[in-house]
Amino acid sequence: MYGKGLKPLSIATVAMLALSLSLVFFYAPLDADQGFIQKIFYIHVPLAIVALIGFIAGGVFAILHLRSDDRKWDAYSYVAIHISVIFGVAVLITGAIWAKASWGHWWVWDEPTLVSFLIVFLLYATYYPFRYAIEDRDRQARYASVFAVTAGAFVPLNFMAVRMAESLVHPRTFATAEGGMPGEMMLTVLCMLVAIGLLWTTLVKFELTAKSASGQVKRLRRALDAPVSGGSSRIAPEVG
Amino acid sequence: MTPSRSAFAAILAKDLRSELRTLQSLPAMALFSVTTFVIFRFGLDRTSLSGSLAAGVLWATLLFAAVLGINRLFVAEREEGGFDAIRLAPIDRSILFGAKVVALVIYLLALELVAVPIFAIFFLDDAAGLLPLAAVLLLTDLGLAATGTLISSMAVNSRARDLLVPLVLLPLVVPLMIAATGATEPLLSLGGPAYDRFGTWLMVLGLYDLIFGLIGYAVFDFLLED
């Protein structure tokens, strides 16, 4: 049932990504002082925004899980955080490339957005060892949800604290005053944001589908009294 | 006294009494912090510190000493069946959270009562900043206790107990440490205490305490279910 609508969603994602990438390369103007390398911004910023929203979505799913005690929401929360962590790796890598190109350093510490993203990423990286250290399935799901709620509230608080501590050098993407960007660039970023958001949704749906399929296979095998193969699924949550 | 108030007082008194009798956490925390100061003295090769360096040394040491106490916070509950007793008792489970937070704040204050004067003797030329520092210490302890109690109660029921607390807690308290060091740095500056952005940082600390106190209170119920 999770596979329903997966095909049109995937096609929409690919189409939107293709459209946005062609906007990036053929429509958006070349940045005056950064030149071609500035194009990485169109991937970096939407990835970061989607990853952060994904983390918060993981927290919202976790609240639903705690309230309804329905294991489905735990799987949603797990998968949302999982895909967002993967996006987070991409954000850190593309961010480092961009920083090297435009500031001359791979990593800049007095940069609130970089530092706070790193801290959030480190926190969510501990989600896995935390989750897998708890053996009992129900307890694991509950504790993971508590973690996801806490970490979800942590995201905005962390951004505030880090921003206060540091100077303001990072370009404010959507600043309205000076430092704002021309309309073509804005349009391209928004398109890319939609495309990356769709990509995130598709990946989440794919993983949920895979999980539910492997759960079904396992249940069928058990019903047939056949040996259940593969110990790896012990770790990840299942969906019915 | 209402039942929840007396339950709160009973749990808190139990914790403090057992700590006083067994002395499991506090002496270790204090000793650890003194040793860490000595290591910093040689690691940095300085005999006197001020400003951001002083704030960093103080808070790094206090944080790691606090982790020692946070690790042990729920060990007795788990080993002696205290969790089952709380589950059976006709009280609101969040009371356990509140009592543990207060107990941890008391431990941390006791730790700081030892560690901060020693820090001042070792490294500070001028102790005038210590009085306003008390407010920073108190607010930071509250936040540290709220997140620490939450993480500790989860970690104690897992396989990798002692590993999980530092692993999960440290990234979680980064904003708290940013605000604490931000407030401490001008207090310990070379020419006597200064107060730039002191109030702002205290507000960040208070906000952190409030948010994580509320979260802990709201989710703690789910951690005790079995």
*Six or more apart or on different chains, Cβ under 7 Å: which pairs go from a residue in segment B:84-108 that's surrounded by fewer than 22 Cβ atoms within 10 Å (Cβ to Cβ) to one that's not in a helix (DSSP H, G or I)? Could you list them?*
B:Ile86/B:Arg93; B:Arg87/B:Asp226
*Which residues, counting only those in segment A:123-144, are facing chain B (nearest Cβ under 7 Å) and more than 16 Å from the chain's Cα centre (by Cα)?*
A:Pro129, A:Phe130, A:Ala133, A:Ile134, A:Glu135, A:Arg139, A:Arg142, A:Tyr143
*Tell me, yes or no, whether segment B:19-35 has at least one residue that is touching a residue at least 60 places away in the same chain (Cβ under 8 Å), among the small types (Gly, Ala, Ser), over 23 Å from B:Trp201 (Cβ atoms) and out of contact with any Lys or Arg (no Cβ under 9 Å at 6 or more places or on another chain).*
yes
*asked:* I'm checking my understanding of the structure. Among residues of segment B:169-221 that are among the aromatic types (Phe, Trp, Tyr) and surrounded by fewer than 20 Cβ atoms within 10 Å (Cβ to Cβ), which one is modelled with the highest pLDDT?
replied: B:Tyr217
*Have a look at A:Thr188, A:Thr209, A:Thr173, A:Thr201 and point out the one that is modelled with pLDDT under 85, hydroxyl-bearing (Ser, Thr, Tyr) and more than 30 Å from B:Pro166 (Cβ to Cβ).*
A:Thr173
_Given the options B:Thr200, B:Thr184, name the one that is of a type in the set (S, T, N, Q), touching a Phe, Trp or Tyr at 6+ places or on another chain (Cβ under 9 Å) and either over 26 Å from A:Tyr132 (Cα atoms) or without any contact (Cβ under 8 Å) to a residue 40 or more places away in the chain (or both)._
B:Thr184
*State whether the residues of segment B:187-202 include one that is in a loop (DSSP other than H, G, I, E, B) and among the hydroxyl-bearing types (Ser, Thr, Tyr).*
yes
_Among (1) under 11 Å from the mean Cα position of the chain (by Cα); (2) not in a helix (DSSP H, G or I), there is one condition B:Asn157 misses while meeting the rest; what is its number?_
(1)
*Quick one: in segment B:168-192, which of the residues that are among the polar types (S, T, N, Q) and over 15 Å from the mean Cα position of the chain (by Cα) is nearest to B:Leu137 (Cα to Cα)?*
B:Thr184
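The values are calculated or read from the model by the stated rules, or taken from the named source; none is laboratory data. All figures in this text were calculated on a predicted structure; none of them were measured in a lab. Glycine gets a Cβ as well: all are built from the backbone with ideal geometry, and neighbour counts include every protein chain shown.
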